[in-house]
Amino acid sequence: MLADSHCHLNYKGLVEDQQAVLARARARGVTAMLNISTRESEWDDIVATAEREPDVWATIGIHPNEADVYPDVDAAKLIERARHPLVVGLGESGLDYFRDTADRARQQASFRAHITASRETGLPIVVHTRDAEDDTAAIMAEEMGKGAYPGVIHCFTASGAFADKALDLGLYISISGIVTFKNARDLQDTAARLPIERLLIETDAPFLAPVPHRGKTGEPGFVADTAQFLADLRGENVEDLSRRTAENFHRLFGKTLGKTFA
């Protein structure tokens, strides 16, 4: 029982052979996949994939790098589209100062709109943060002061101090295949101490394939490799870690429990 809490099944590299990609994931024990959106233009296709596949769910949202392209996607629009029974989360949204292709004020406004929608719907926000740790933490804390909302820091690569801030706010942390990279010692140190009840695993496929697949197109099935690495890192049984992280996934994304999955 494994859950890939963040993948992009409709992205180039996966969508061309999507059925085979899904079959390989299922063969490795993946029972749940969350198909993440980054642009309004792809919402319909991502929801359609969830409608077609019994073990796939959808999010709707705007990636921070796309914030300038979709300035009209506000909390009201997100809330309306999130009414679909298979839309179980919002995002990915957040701040990305690494590429810095979108105006930072626009990124921040979009991020706050997603948090408002999360608060109003009760659906988790999937948070992307890159080279924007301080501003991300400040906005999350300020918005939490307006009212609680659920969420997860996806593809966690930030500092241990940021992890503690996210945990203190009640958020989950999702670990990707980056943790398997040799140069990821700081991330490994953080991942080793995260509380199991707040831990998720993801692939971010088609990106960030873990060792031993590094350099290849990422697939949801590779979440099994990250799970094995994490279990070894933490001194835990891989079956237990896989089960616990899958349970965490369904607890956080509670709407998934309304759909039958293998």
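The values are calculated or read from the model by the stated rules, or taken from the named source; none is laboratory data. Keep in mind it's a predicted model, so treat the numbers as computed, not measured. Using ideal geometry, Cβ is built from the backbone for each residue, glycine included, and neighbour counts are taken over all protein chains shown. In case anyone asks, the SASA skips ligands and DNA or RNA and just uses the protein heavy atoms, side chains included. Shrake-Rupley method; radii C 1.70, N 1.55, O 1.52, S 1.80 Å.
Ignoring ligands, DNA and RNA, what percent of the accessible area of the chain is carbon or sulfur (1.4 Å)?
Numbers: 5190 of 10460 Å².
So the carbon and sulfur contribution to the accessible surface is 50 percent.
Pulled fully out, how much extra length does the chain show between residue 101 and residue 41, if you take 0.36 nm times their separation in residues and subtract their Cα-Cα distance?
Values: separation 60, 0.36 × 60 = 21.60 nm, distance 1.84 nm.
Gain on stretching residue 101 to residue 41: 19.8 nm.
Residues of the range 124-139 with amide nitrogen under 14 Å from the 7 Å Cα-to-Cβ point of residue 161?
132-138
Taking 45 Å as R0, compute the FRET efficiency from the Cβ-Cβ separation of residue 69 and residue 186 and round it to 0.05.
Details: r = 33 Å, r/R0 = 0.73.
Once the sixth-power term is evaluated, E becomes 0.85.
If you stretched the chain out fully between residue 193 and residue 120, how much longer would it get, using 0.36 nm times the residue separation minus the C-alpha to C-alpha distance? Could you put the intermediate results ahead of the total?
Numbers: separation 73, 0.36 × 73 = 26.28 nm, distance 3.19 nm.
Working it through step by step, the gained length comes to 23.1 nm.
Under 18 Å from a point 7 Å along the Cα-to-Cβ line of residue 236: which residues of the range 200-217 have their amide N that close?
Flagged as within label range: 200-203.
Over 32 Å between Cα atoms: which of 182/255; 12/146; 165/255 fall into that group?
Working: 182/255 36 Å; 12/146 39 Å; 165/255 26 Å.
Over 32 Å apart, Cα to Cα: 182/255; 12/146.
Per residue, how large is the accessible surface of the chain? Use a 1.4 angstrom probe and give square angstrom.
Details: 10460 Å² over 262 residues.
Per residue, the chain has an accessible area of 40 Å².
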